[in-house]
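Here's the structure, in structure tokens; my notes come after.
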Amino acid sequence: MAQQEEDDASGQQADRSLTMSRAMVEAIAHEMREDDEVFYMGEDVADYGGIFDSTEGLLDEFGRDRIMDVPISETAYLGAAVGAAQEGMRPIAELMFVDFFGVAMDQIYNQMAKNTYMSGGSVNVPMVLTAAVGGTYNDAAQHSQTLYGTFAHLPGMKVVVPSTAYDAKGLMHNAIRDDDPVVYMFHKRLMGIGWLPAPDGPKTGVPEDDYTIPFGNADVKREGADVTVVTLGLHVHRALEAAADLADDGIDVEVVDLRTLVPLDTETIRDSVAKTGHLVVVDEDYRSYGVTGEIIASVAEAGLDDLEAVERVALPDVPIPYARPMEDEVVPGTDDIATAVRAVRGDE
């Protein structure tokens, strides 16, 4: 049913384009109108509208009882969100930067993610934890991580990472309606805010009607025959840019956007690699013990006879530097992806 909803929505004539932040807000507003138990809480989400425009305009319609600024205590308000969810509400709680998870990890992992299991199923925790992720704008080591792998590694939470406005809206509808905790990770560079320009691509046509995108359904953003690039978030667009450049040299790249890490669509990944025989995995998270290794392991375990070579592109295991040239050096770019594609084919 959810897949049919996505198919129906994608077939609609979307005669307007939205930024990713506007698409997210549109989905949140719809769910708040439909269900009085949905509310949003976080730092600077009311009057300011979220520092990445994640709640822009919601205060005017829903007021301070449902769009709530909170004290600077992630421990307190994420714990409150867990309690509200267990009592039947559907809170959306925002971590201004995902890097701040450390001060509230007990609330996130020992409560939000585990309480359904620990209670023997007597309580659900239907909440969404939103978090801004990613670097490329020189905000140093405590404000620039993605940490996709950290949350995906810990059982009990679904993990969502949109790369376009269309996906952001459908995934947000699905996240708010889900009866389990969902971590919704949005990349700052994709939100479409004036002071942090987005690359070409995340601003897309978005239907006005509500629609859901089911979790665990990766999207082939570009079909190709020679190399599979599996990625997510900002690097979907960097992979597409690299693919366009490589096409001039006769290299046909397929780009797979994971969209969700938990659940993970291993079938789409394996089908693509079975076709191309070459795999490049790109991630803005740290290289060790992360998403890149998990994707490669899932392909290796499939025992594909036609798999010829694998490369991975990720952050080195260092704190993200503040200085722009140093940050640009460690965060994978379009050229790094193109180099990996050539390497996996034996061209370099």
task = Working only within the stretch 187-240, note down all residues that are part of a loop (DSSP other than H, G, I, E, B), hydrophobic (A, V, I, L, M, F, W, C) and either at pLDDT 95 or above or open to solvent by less than 10 Å² (accessible area, probe 1.4 Å) (or both).
result = 191, 206, 213, 215, 218, 225, 232
query = If you check every pair at least six apart or on different chains, which have Cβ atoms under 8 Å apart with a residue in the stretch 36-58 that is free of Cβ contacts under 8 Å to residues at least 40 places away in the same chain first and a residue that is part of a strand (DSSP E or B) and open to solvent by less than 20 Å² (accessible area, probe 1.4 Å) second?
reply = 46/67; 55/40; 55/42; 55/67; 55/94; 58/40; 58/67
inquiry  = Anything in the stretch 248-270 that is among the aliphatic types (A, V, I, L, M) and more than 13 Å from residue 225 (Cα to Cα)? List them, or say none.
reply    = 258, 261, 262, 264, 269
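Conditions (1) of a type in the set (Phe, Trp, Tyr); (2) over 27 Å from residue 80 (Cβ atoms), marked per residue:
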site	(1), (2)
143	no, no
146	no, no
154	no, no
161	no, no
182	no, no
192	no, yes
201	no, yes
215	yes, no
inquiry  = Name the residue that is surrounded by the most Cβ atoms within 10 Å (Cβ to Cβ), counting only residues in the stretch 113-146 that are among the aliphatic types (A, V, I, L, M) and more than 19 Å from the chain's Cα centre (by Cα).
reply    = 125
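Given the criterion farther than 23 Å from residue 170 by Cβ, open to solvent by less than 10 Å² (accessible area, probe 1.4 Å) and touching a strand residue (DSSP E or B) at 6+ places or on another chain (Cβ under 7 Å), identify the matching residue among 246, 258.
Among 246, 258, only 246 is farther than 23 Å from residue 170 by Cβ, open to solvent by less than 10 Å² (accessible area, probe 1.4 Å) and touching a strand residue (DSSP E or B) at 6+ places or on another chain (Cβ under 7 Å).
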Pairs, first under 19 Å from residue 138 (Cβ atoms) in the stretch 331-348, second in a helix (DSSP H, G or I), C-beta under 7 Å, six or more apart = 332/235; 333/238; 334/238; 334/241; 334/242
remark   = If we keep only residues of the stretch 151-172 that are more than 16 Å from residue 207 (Cα to Cα) and among the small types (Gly, Ala, Ser), then the residue surrounded by the most Cβ atoms within 10 Å (Cβ to Cβ) is 163
ask   = Within the stretch 270-316, how many residues are small (Gly, Ala, Ser), touching a residue at least 12 places away in the same chain (Cβ under 8 Å) and over 24 Å from residue 241 (Cβ atoms)?
value = 5
task = Report yes if residue 256 is in contact (Cβ under 8 Å) with a residue 12 or more places away in the chain, touching a Ser or Thr at 6+ places or on another chain (Cβ under 9 Å) and outside any helix (DSSP H, G or I), otherwise no.
result = yes
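Go through the stretch 33-53 residue by residue and tally those that are acidic (Asp, Glu) and within 17 Å of residue 101 (Cβ to Cβ).
Step one: of the stretch 33-53, the residues acidic (Asp, Glu) are 34-37, 43-44, 47, 53.
From the residues that got through so far, the ones that are within 17 Å of residue 101 (Cβ to Cβ) too are 43.
Number satisfying all stated conditions: 1.
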request  = Mind listing whichever residues of the stretch 321-335 are closer than 28 Å to residue 298 by Cα and either surrounded by fewer than 19 Cβ atoms within 10 Å (Cβ to Cβ) or in contact with a Gly (Cβ under 9 Å, 6 or more places away or on another chain) (or both)?
outcome  = 330, 331, 333, 334, 335
request  = Go through the stretch 196-228 and count every residue that is more than 17 Å from the chain's Cα centre (by Cα), closer than 16 Å to residue 163 by Cα and aliphatic (A, V, I, L, M).
outcome  = 2
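The values are calculated or read from the model by the stated rules, or taken from the named source; none is laboratory data. Keep in mind the model is a prediction, meaning the values are calculated, not measured. Cβ coordinates were reconstructed from backbone atoms using ideal geometry, including for glycine residues, and neighbour counts include every protein chain displayed. Just the protein is used for accessible areas: all its heavy atoms, side chains included, with ligands, DNA and RNA removed. Shrake-Rupley method; radii C 1.70, N 1.55, O 1.52, S 1.80 Å.
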